[in-house]
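Read through the structure below, which is laid out as structure tokens, and then see the notes.
The values are calculated or read from the model by the stated rules, or taken from the named source; none is laboratory data. Not measured: the values here are computed from a predicted model. All Cβ positions, even for glycine, are placed from backbone atoms using ideal geometry, and neighbour counts span all protein chains on display. These accessible areas exclude ligands, DNA and RNA; they are computed on the full protein's heavy atoms, side chains included. Shrake-Rupley method; radii C 1.70, N 1.55, O 1.52, S 1.80 Å.
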Amino acid sequence: MSEQPFLFGDGWIEVKDGNDTARALFDRHYSRYLYADGRKPKIFVGPGEKLVLLTTDAKALCVWRKFISTDGQDGVNCAIFRNESDERASDMLRAAMTVAWQRWPGERLYTYIDTYQVPPTIVHGNPVWGYCFRKAGWRFCGVSKARKLIIMEAFQ
């Protein structure tokens with residue numbers, strides 16, 4: 001993956017759904033769905049309002065999505081968070097949360113974590129899923145109905 005020359009400065013920048021660099025990071029995220037027929041759609045974020053954030057060095061991606069949840073969740077969903085940089089993930093996530101709250105002031109933020117796909121961080125001998133989210137101030141709030149995913153949330 002190469003850096004794009006227009007990505008300069010520090011922190012997160014907003015890019016469009018379908019941005020080639022962002023999609024390349026998404027392709028390495030565990031939630032990437034591979035179609036049986038081999039198609040690769042240009043856009044990768046689902047329906048609803050969306051905010052696609054890419055770091056200026058093109059090593060991290062965060063996607064926020066506001067949509068009608070089938071399991072009754074209200075707020076803005078952190079649909080994708082991928083960090084391939086040397087920066088602390090929780091610090092990057094906090095910065096991305098600030099951008100999300102600028103777009104959607106006061107909204108609850110939530111995310112799903114698939115414990116079968118994401119390896120836990122061992123903390124004091126115990127497995128902890130979503131550790132960078134916890135360090136960024138998120139808390140466990142339940143389990144989804146369909147696939148039994150952990151749900152975490154954060155408030156402004």
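Which of the residues that make up region 135-149 are more than 14 Å from the chain's Cα centre (by Cα) and either open to solvent by less than 100 Å² (accessible area, probe 1.4 Å) or modelled with pLDDT of 95 or more (or both)? If the condition is that a residue be more than 14 Å from the chain's Cα centre (by Cα) and either open to solvent by less than 100 Å² (accessible area, probe 1.4 Å) or modelled with pLDDT of 95 or more (or both), then LYS135, GLY137, ARG139, PHE140, CYS141, GLY142, VAL143, SER144, ALA146, LEU149 are the ones that fit.
Any residue in region 32-42 that is of a type outside the set (Val, Ile, Thr) and either within 18 Å of CYS132 (Cβ to Cβ) or at pLDDT 85 or above (or both)? The answer is no; no qualifying residue exists. For region 103-121, the criterion of a residue being touching a strand residue (DSSP E or B) at 6+ places or on another chain (Cβ under 7 Å) and free of Cβ contacts under 8 Å to residues at least 24 places away in the same chain is satisfied by at least one position. Within region 47-89, the residues that satisfy the criterion of being farther than 20 Å from MET152 by Cβ, of a type outside the set (Gly, Ala, Ser) and surrounded by fewer than 14 Cβ atoms within 10 Å (Cβ to Cβ) are PRO47, GLU49, ASP86.
Just one of the numbered conditions (1) touching a helix residue (DSSP H, G or I) at 6+ places or on another chain (Cβ under 7 Å); (2) part of a loop (DSSP other than H, G, I, E, B); (3) modelled with pLDDT of 95 or more; (4) not hydroxyl-bearing (Ser, Thr, Tyr) is not true of ASP74: (1).
Among the candidates LYS40, LYS50, the residue that is part of a strand (DSSP E or B) and without any contact (Cβ under 8 Å) to a residue 60 or more places away in the chain is uniquely LYS50.
Filtering region 94-147 to residues that are touching a helix residue (DSSP H, G or I) at 6+ places or on another chain (Cβ under 7 Å) and part of a helix (DSSP H, G or I) leaves CYS132, PHE133, LYS135.
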